[in-house]
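Q: Sharing a structure with you now.
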């Protein structure tokens, strides 16, 4: 079904194919190319690039999240996408929304024309809280401060767009980068020794996805705490329930896209409890950028330098997984000072910021 947006632009529902080489894969490839082009144009970097094979599991619905997708076209040219992600946790009121348009069509009223359809989709699924994240190009102009008191973003056309459509800035996230150099590895070795001295009674354990059976229960519990134990400002996150089946779906989402994921955890020796973890992931190209996924120390085990321990152990062992990967990227809330302090000590430096926005539907 074609939905007119402006005089030239149209909106089209998009259903991802079952496989990247199945019927409909040509549109998936076009979709992927547009996505990559948008991120390159906004960030000036190519470290968010994905292949169709890597992207397909990310945008496909499953038992944990339903994803509604539209493409935006001007004539026959695809110029952007719109998405609504719906967490399927019981009682969820939230929807995650995005509109991504290539900069060459900005300022034509296309984004404004799309918003009513995203809001209607959220309401149709019983959601009243819309949340969205956007990285913004650096600007020398006015800034908009986070209400948490930590961080700011440019008060540019992106911020004005969100504000005009009823969103409020709730949080600022820092994008940080670490060069995977020999100097970094030597420094991480020193920091890990110091962390080990403070983490008496704990040991490092590691695995590659898929998660081995003996680690599923502990990993599931730690993943569930990511929805409750990280700084969230006034954003709304559902408490996620994780079990063996959900861990398997999580693992499959990465593995079906050809990604390699290493989990580094701290185990409490006396009880066998997993109490901290770090994830590093890379796509099919092992010479590309590494992405740090979740990192968490359970609240009951903080104060033993476990965050430093698992991060350094992960970086040091990653050399054997992707020795040609040039750097690691990670995202952290600006008010998450404990984790940012660890990153800064290791050598991560800020390269960009993104705003986290929320709108409550009435």
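Bear in mind that the values in this text are calculations on the coordinates, not laboratory data. Given the structure is predicted, the values throughout are model-derived calculations rather than measurements. Glycine gets a Cβ as well: all are built from the backbone with ideal geometry, and neighbour counts include every protein chain shown.
Q: Provide the gained length on full extension for the span residue 252 to residue 203, in nm with one decimal, where the gain is 0.36 nm per separating residue minus the Cα-Cα distance. Walk me through the numbers before you get to the answer.
A: Numbers: separation 49, 0.36 × 49 = 17.64 nm, distance 2.73 nm.
Length difference between fully extended and current span is 14.9 nm.
Q: Still on this structure, please answer the following. Given the options 36, 200, 145, state which has the largest fluctuation in a GNM of the chain using a 10 Å cut-off (strictly under) for Cα springs.
A: Taking springs between Cα atoms under 10 Å, the residue moving most is 200.
Q: What ranking, highest mean first, results for peptides 318-326, 248-256 when packing means the other Cβ atoms within 10 Å averaged over each residue?
A: Top to bottom by mean Cβ count within 10 Å: 248-256, 318-326.
Q: How much of the DSSP beta bridge set in the chain is antiparallel, as a percent to the nearest 5?
A: Numbers: 69 of 74 bridges.
The answer is about 95 percent antiparallel.
Q: Can you work out D for the range 227-267 in µm² s⁻¹ from Stokes-Einstein, where Rh is the Kirkwood radius over C-alpha pairs, the temperature is 37 °C and the viscosity is 0.692 mPa s? Present the calculation step by step, with values, prior to reporting the outcome.
A: On the way: Rh = 12.8 Å.
The estimated diffusion coefficient comes to 257 µm²/s.
Q: Pairing the Cα long axis of helix 306-318 with the longest principal axis of the chain, what angle in degrees results, from 0 to 90 and rounded to the nearest 10?
A: Computed tilt is about 80 degrees.
Q: A further question on this structure: Let's test this: bin the Cα-Cα distances of the range 177-352 at 10 Å from zero up to the farthest pair and state each bin's percent.
A: Reading upward from the zero bin: 10, 38, 39, 13, 0.
Q: Fewest first, what order do 143, 271 take by the number of other Cβ atoms within 10 Å?
A: 271, 143
Q: If you don't mind, another one. So what's the back-of-envelope 222 nm ellipticity for the chain, counting only DSSP H runs of four-plus at -39500 (n - 2.57) apiece and dividing by all residues, rounded to 500? Please list the in-between numbers first.
A: Numbers: 9 runs with 112 residues, N = 362.
Taken over the chain, the calculation gives -9500 deg cm²/dmol.
Q: Arrange the peptides 115-126, 92-103 so that the one whose residues have, on average, the most other Cβ atoms within 10 Å appears first. Please report the intermediate quantities before stating the final value.
A: Values: 115-126: 15.5, 92-103: 19.2.
Averaged packing, sorted descending, gives the order 92-103, 115-126.
Q: Quick check: the angle from helix 110-124's long axis to the longest principal axis of the chain, C-alpha only, nearest 10 degrees?
A: Long axis of 110-124 versus the principal axis of the chain: about 70 degrees.
Q: For the range 3-127, just run the numbers: alpha carbon Rg, then divide by 2.2 N^0.38 Å, N being how many residues it has. Intermediate results must be reported in sequence, preceding the final value.
A: Numbers: Rg = 14.6 Å, N = 125, 2.2 N^0.38 = 13.8 Å.
Normalised Rg, Cα atoms only: 1.06.
Q: Have a look at the range 10-68 and give its Rg and Dmax from the Cα atoms, expressed in angstrom.
A: So, for the range 10-68, Rg and Dmax equal 12.2, 35 Å respectively.
Q: Which angle between 0 and 90 degrees, to the nearest 10, do you get for helix 244-255 versus the longest principal axis of the chain when only C-alpha atoms count?
A: The two axes meet at around 70 degrees.
Q: To the nearest Å, what is the center-to-center distance of the range 284-339 and the range 246-270, using C-alpha atoms only?
A: Result: 14 Å between the Cα centres.
Q: When the gyration tensor of the range 166-221 is built from Cα positions, what are the square roots of 5 times its three eigenvalues, in whole Å, from largest to smallest?
A: Largest first, the range 166-221 gives 28, 24, 14 Å.
Q: Then there's this: Restricting to bridges with both residues inside the range 177-352, how much of the DSSP beta-bridge set is antiparallel, in percent to the nearest 5? Could the numbers behind the result be given before it?
A: On the way: 24 of 26 bridges.
Bridges in the range 177-352 that DSSP calls antiparallel: roughly 90 percent.
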